[in-house]
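Student: Supplied in structure tokens, the structure appears directly below.
Since every read-out is calculated from the coordinates, none of them should be taken as a lab result. All of these numbers come straight from a predicted model, not from anything done at the bench. Methodologically, a virtual Cβ is constructed for each residue, glycine included, from the backbone with ideal geometry; neighbour enumeration extends over all protein chains shown.
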Amino acid sequence: MPQAAVAERPSPGARKQATGSDFTPLLRTVKEKGLLDRRTGWYTRTIAANALALVAVGTGMFVIGASWWVLLLAPVLSILCARTAFIGHDAGHAQITGDRSISRAIGLVHGNLLLGMSSAWWNDKHNRHHANPNHVDKDPDVAADVLVWTRRQAKLRVGFRGWLTRNQAWLFFPLTLLQGIAMKLYGFQDLRRQSPRERVVEGLLLVAHLVGYVTLLLAAMPLGHAIVFAAIHQALFGLHLGLAFAPNHKGMEMPDPDGERWGHLRRQVLTSRNIRGGPVTDWFLGGLNYQIEHHLFPSMPRPHLRLVQPVVRDHCAAVGMSYTEAGFVDSYRQVLRHMYEVGEPLRVE
């Protein structure tokens, strides 16, 4: 269990006293401070700056595409694509606007069209995660897949999957290099779940992205350059997303499926980990370094998460609930240690 907690972890008896009503005074304080008010101007500037940066990189690809120096733009594009994903994430949480149609349009443009990632797939999966974080039966992010997150899941792994589980701590970062591609594939697979109308819109935009991406690469540079550029871009994009998502919940408490029902405050705080840092960390991780605050207030605009953090931390201390933070590097150490311990049963057999 992570050790870098701001407040001491209370006894089980003290923690049990925390109920859903503990969240009410916190919510009242946050509303009074106006921290749930939307920041339309901030998001307008952020979206515009990101769009201009994408256009600049695209222009650069045409200008120097004939040279291998064009590969230097691939890491830049991967970082900008992560910014694009963060904007789509915020739109899905209605952080940008309360108008559902506008939020959906922003999500479709930034997810489906610019990234080739289905916003409908992401929102469905992500909303289920937010409702029950780290719940093995309800949170898709801790379901047994390529990686597993509990020893019970690990014991069921055999063959190649068993080998993956035994070595998953070592394989985690290499596997994240494939995350960007995997999320594109999941989006196409999810089209079968969607309604006919949603399927048409989502599917057309996903295809438009794929055609546009390939056309851009082949028009801007020779085939060999294009293949290497795409490989670097997609790998670093997946790594960036993995760096942003991995430390948020892995290795934190996991509710007992057969145990008592946790209230909102306990369910969101005890399963989440914040990452310490300043403005650069906020920018690089898209505000997801304030994972506790984001989970407590999913519709809170990203620039307000830093402002609400001390309010949430003080409230957790007042009700006797632990509030976990870790440094940037230490957070990944904790995640990898948890993954290594989960695979232990398969290494001792």
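Student: Please build a GNM for the chain, connecting alpha carbons under 10 Å apart, and tell me which residue among L72, L113, L243 fluctuates the most.
Tutor: L72
Student: Please list, in chain and number order, the residues 5+ apart from A326 or on another chain whose amide H is under 5 Å from its amide H, with Hs placed from the backbone.
Tutor: Distant-sequence amide H within range of A326: N274, I275, R276.
Student: Which ³J(HN,Hα) values, rounded to whole Hz and listed in residue order, are derived for the range 217-230 from phi using the Karplus coefficients 6.51, -1.76 and 1.60 in 6.51 cos²θ - 1.76 cosθ + 1.60 with θ = phi - 60°, glycine and proline given as x?
Tutor: Whole-Hz 3J(HN,Hα) from phi for the range 217-230: 5, 6, 7, 8, 7, x, 4, x, 4, 5, 5, 5, 4, 4.
Student: Can you give the longest stretch of the chain with no exposed loop site, where a site means trypsin sites (Lys or Arg not before Pro) in a DSSP loop (not H, G, I, E or B) with at most 16 other C-beta atoms within 10 Å?
Tutor: 40-137
Student: For K184, list the lysines whose Cα falls under 17 Å from its own Cα; do not include residues on the same chain fewer than 8 positions away.
Tutor: K125
Student: Taking 0.36 nm per residue of separation and subtracting the Cα-Cα distance, what length does fully extending A219 through R28 add?
Tutor: Going from the current span to full extension adds 63.3 nm.
Student: Compute the label zone of V329 within the range 278-313: residues whose backbone N is under 17 Å from the point 7 Å along Cα-to-Cβ.
Tutor: Counting backbone N atoms under 17 Å from the label point, the list is 278, 281.
Student: Calculated FRET efficiency, V57 and D137, Cβ-Cβ r, R0 41 Å, to nearest 0.05?
Tutor: That pair, V57 with D137, gives E of 0.45.
Student: Can you list residues whose amide H is under 5 Å from G251's amide H, if they're 5+ apart or on another chain and H is modeled 1.01 Å from N?
Tutor: Excluding prolines and chain starts, which carry no amide H, there are no hits.
Student: Relative to the longest principal axis of the chain, what angle (0 to 90°, nearest 10) does the C-alpha long axis of helix 40-64 take?
Tutor: Between the helix axis and the principal axis of the chain, the angle is about 40 degrees.
Student: Whole Å is fine, so just give me how far the alpha carbon centre of the range 249-296 lies from that of the range 21-87.
Tutor: Comparing the Cα centres of the range 249-296 and the range 21-87, I get a distance of 21 Å.
Student: Around L336, what is the net charge, scoring Lys/Arg as +1 and Asp/Glu as -1 over all other residues with Cβ under 12 Å from its Cβ?
Tutor: Result for the neighbourhood of L336: +1.
Student: Using alpha carbons only, how many degrees (0 to 90, rounded to 10) separate the axis of helix 302-318 from the longest principal axis of the chain?
Tutor: 10
Student: Per DSSP H run of n ≥ 4, the term is -39500 (n - 2.57); total these for the chain, divide by its residue number, and report the mean residue ellipticity at 222 nm rounded to 500 deg cm²/dmol.
Tutor: Helix-only estimate at 222 nm: -19500 deg cm²/dmol.
Student: Which aspartates and glutamates have a Cα lying under 18 Å from the Cα of K31, excluding residues fewer than 8 positions away in the same chain?
Tutor: In chain and number order, the partners are D22, E293, D314.
Student: Compute the acute angle (0 to 90°) between the alpha-carbon long axis of helix 179-190 and the principal axis of greatest extent of the alpha-carbon atoms of the chain; round to the nearest 10°.
Tutor: The helix 179-190 is inclined about 90 degrees to the chain.
Student: Now, a different point. Using Cβ contacts closer than 10 Å as the measure, can you line up V319, V57 from fewest to most?
Tutor: Exposure proxy ranking, most exposed first: V57, V319.
Student: Next question, about the same structure. In sequence order, what are the phi-derived ³J(HN,Hα) couplings for the range 247-254 according to the Karplus relation 6.51 cos²θ - 1.76 cosθ + 1.60 with θ = phi - 60°, rounded to whole Hz, with x for glycine and proline?
Tutor: Using θ = phi - 60°, the values come out as x, 5, 9, 5, x, 8, 4, 10 Hz.
Student: What spacing in nm lies between the two simple spin-label points modelled at R276 and A208, each 7 Å away from Cα in the Cβ direction?
Tutor: Calculated label separation equals 4.6 nm.
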